Amino acid sequence: MSSSNWTVDFLNQLISAAVTVEQISLPSTTLWQTESNHWQQFAELALQQNMRWVAGWAEHVQDRFFINACFEKQGVYVLLRAIVNAAKPELPSQAIVYPAANRSERHTQDMFGINFIGHPDNRRWTRHKAWPKHSHPLRKDFSVQGTPDEITQPDMDYPFVKAHGTGAYEIPVGPVHAGIIEPGHFRFQAVGELILNLEERLGYVHKGIEKIAEGRSPESLARLAGRVSGDTTVGHAWAACKAMEQAAGIDIPPRAALIRGVLAERERVANHMGDMGAICNDVAFVFAQMQFTRLRELWLRTNATVFGHRLLMDRIIPGGVNCDLSEESCAKIKQDIIQLRKELSEIMSAVDLNSSLEDRLFTAGYLAPELAAAFGTLGYVGRASGQSFDVRKNAPYAPYDQVAFKVPVETQGDIASRFWVRNKEINAALKLIEKFIALLSPGDIISPWKTPVAGSESLGIVEGWRGEIVSYIRFDADNKIARFYPRDPSILNWPVLEKLVLDNIVPDFPVCNKSLNGSYSGSDL
Amino acid sequence: MLRLFKKVLTTGVVTESFKPPKDDELEQLGIEIKRHLDKNFSGSIAIREVDAGSCNGCELEIHALNNPFYDIERFGIHFVASPRHADVLLVTGPVSRHMQTALLRTYEATPNPKWVVAVGDCAVCGGEFGISYASCGAVSNVIPVDVVIPGCPPTPLALMKGLLGLMKG
Ligand code: SF4
């Protein structure tokens, strides 16, 4: 990896463009502080450098707002910050430059009342009707309880994009869907069966996670992080704990890192199996659905026997893990993997030879690599459209820095590709679990906690099963959390669903959606 | 196709047998209305699942009820796509304020007699999220609840027992 040479070039470029940045070193990354009026210009120069827009969030500190954006290139993360006065909180939008920043800025606009000048679409996003337009939940003068109405009214007058013309019609779907899935609203414009436009309207499961995080202890924050998105409990808990540990200056024991690796890869395998079954089910290939749900169940049962929880919630705690792996457990895990490999190869060859499945999945829901790059698409969705980025590989952290492994990348960009990339990721994950177990040597599984200095902040970045997870933490005095912002990969992946369904038929929407499988909860917070 | 059949045949039937929950277990599950249910349903119930703000963990385990190990349909319990076809609403999550009206409307759309099962710690008591500007907390703060199945998330076994408790023993 060509280290961080590009940051030097980029800084010089910034200087010649008269964009001033002050560099402040943080435990995990470098903080670049800039003037708010340079916010957009920075993004323009960053785009020229091919930097990826990663995340954006704000924080209310006394009478000012800290506005943050995170960028990445070649595995090096840069945290950009501008400070604006709370009396007139505004700065130029980055969403014009990076479409990935679009919804994030709308969230910040709703939650803080910060105006992103020139934003291409400044309609409300997270706000429905639970709080009024001119009040902002993440400001310090807004109480956790707020002043909600007895019954919160539905958000009936959201200005959806309209379609006109003969034969064009609308299909509103949700928030309560027909299946056992999370709530959200999809507005289709169609002609005949063809989808002309899709607009997503999320925010239904907004639970105030960022607000209720404030004032928590590290243990309590880890529990909350583990519930940002229930299918990614390991990923989010790990990212949040990593951020807290870095802020506190704690190194976790090597054994704990290996066990975290096993947990994260087990989570990946479980979710991929569930999704692969569901994708097949959405095109009425029930054989695969039954087989995959059966294998997933066996996998979760081993989670329960070995780790004490089927979905692995609350196993990662600040400083390490609370579950050790006995010799017997390791043997069980290894045995399971041998069996799973055998079964998967039988099932996948049956799946591969099935022409009806091929008919439905090939070319459907195509996401062009250029579009995936422009939106900063992550995880298996990105990797099926040529985006190879994987935190485990590009910005390696323990235990991934000790092992060799493959990150599968394809450029086919369709549902079939997102299906097969998952299969390859399962195989890679199984190998990783075996390697981590082989590396285990006796030792502690938790490091003693140290209360961080008030104001310490850090970014915890890990590769969850859906892709890169970014967790920002800042501590107050007395071991209390001042700010927690978790950026689930879904936040960047949801927008491309609106693109990849175009020119597909309405009945293929469920399988298109499943092939992406964004988290509603992780995105609504 | 041959490979497919071979796999089906070699997999065999993995579905497990379950005993209906005992009286003390029913009490634990908070089922007080079983008698009425016994009267109203003869052997089958239709369930509409509503995620009213969950983290999606509960949904994963509810899904598992349809896998071949639990295969809950064999007990006459099936999931339907509309509240208008449902006897029972299975509600997860703390009720987010943004879902409050949707939940109320779903409840209204369910024909009488109807029962509400609150699934998971969040639905039972607000869980990790509690009551806030964004969350109404427990489901019972929004609609009447008949049965609670605690757990974070409840295992398929706990769900199974809770639901079988609704049916004739
Ligand atoms: S009970 Fe647990 S799993 Fe269920 S919604 Fe609440 S936090 Fe998620």
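The values are calculated or read from the model by the stated rules, or taken from the named source; none is laboratory data. Because the structure is predicted, anything quoted here is derived from the model rather than measured. All Cβ positions, glycine included, derive from the backbone under ideal geometry; neighbour counts span all protein chains shown. These accessible areas exclude ligands, DNA and RNA; they are computed on the full protein's heavy atoms, side chains included. Shrake-Rupley method; radii C 1.70, N 1.55, O 1.52, S 1.80 Å.
Evaluation of B:Ile62 against the conditions (1) open to solvent by 10 Å² or more (accessible area, probe 1.4 Å); (2) assigned to a helix (DSSP H, G or I) shows that the sole unmet condition is (1). Apart from one condition, A:Arg341 fits all of (1) under 30 Å from A:Asn50 (Cβ atoms); (2) open to solvent by 30 Å² or more (accessible area, probe 1.4 Å); the exception is (1).
Can you tell me which of A:Tyr169, A:Tyr204 is modelled with pLDDT under 95, among the aromatic types (Phe, Trp, Tyr) and either not in a loop (DSSP other than H, G, I, E, B) or not assigned by TED's automatic domain parsing to the domain that holds A:Lys499 (or both)?
Going through A:Tyr169, A:Tyr204 in turn, just one is modelled with pLDDT under 95, among the aromatic types (Phe, Trp, Tyr) and either not in a loop (DSSP other than H, G, I, E, B) or not assigned by TED's automatic domain parsing to the domain that holds A:Lys499 (or both): A:Tyr169.
The condition of being away from the ligand (no atom under 16 Å from the Cβ), hydrophobic (A, V, I, L, M, F, W, C), open to solvent by less than 10 Å² (accessible area, probe 1.4 Å) and within 14 Å of another protein chain (Cβ to nearest Cβ) holds for only one of A:Leu202, A:Leu263, A:Leu221, A:Leu198, that being A:Leu202.
The number of residues in the stretch A:99-120 that are part of a loop (DSSP other than H, G, I, E, B) and open to solvent by less than 10 Å² (accessible area, probe 1.4 Å) comes to 1. Here is the figure for the stretch A:480-502: residues that are surrounded by fewer than 18 Cβ atoms within 10 Å (Cβ to Cβ) and either among the hydroxyl-bearing types (Ser, Thr, Tyr) or farther than 17 Å from A:Gly365 by Cα (or both) total 1.
Among residues of the stretch A:299-317 that are farther than 14 Å from A:Val234 by Cα, those with a Cβ under 6 angstrom from a residue that is outside any loop (DSSP other than H, G, I, E, B) and within 15 Å of the ligand (Cβ to nearest atom), sequence gap 6+ or separate chain, pair up as A:Trp299/A:Ala270.
Tallying residues that are at the interface with chain B (Cβ under 9 Å from one of its Cβ atoms) and on the phi > 0 side of the Ramachandran plot within the stretch A:335-364 yields 0. Scan the stretch A:399-409 and give yes if some residue there is in the same structural domain as A:Ile279 (by TED's automatic domain parsing), farther than 27 Å from A:Leu497 by Cα and in contact (Cβ under 8 Å) with a residue 60 or more places away in the chain, otherwise no. Yes, the stretch A:399-409 has at least one match.
In the set (1) part of a loop (DSSP other than H, G, I, E, B); (2) in contact with a Cys (Cβ under 7 Å, 6 or more places away or on another chain), A:Arg123 fails one condition alone, (2). Criterion first (charged (D, E, K, R), within 14 Å of chain B (Cβ to nearest Cβ) and crowded, with 20+ Cβ neighbours inside 10 Å) does A:Arg139 satisfy it? So A:Arg139 does not fit the description; no.
Taking the stretch A:150-168 as the region of interest, how many residues are open to solvent by 90 Å² or more (accessible area, probe 1.4 Å) and either more than 14 Å from chain B (Cβ to nearest Cβ) or within 18 Å of A:Gly203 (Cα to Cα) (or both)? Please lay out each step first, then the result.
Looking only at the stretch A:150-168, we keep the residues that are open to solvent by 90 Å² or more (accessible area, probe 1.4 Å), and these are A:150, A:153, A:156-157, A:162, A:164, A:166.
Remaining after also requiring either more than 14 Å from chain B (Cβ to nearest Cβ) or within 18 Å of A:Gly203 (Cα to Cα) (or both): A:153, A:156-157, A:162, A:164, A:166.
The qualifying residues number 6.
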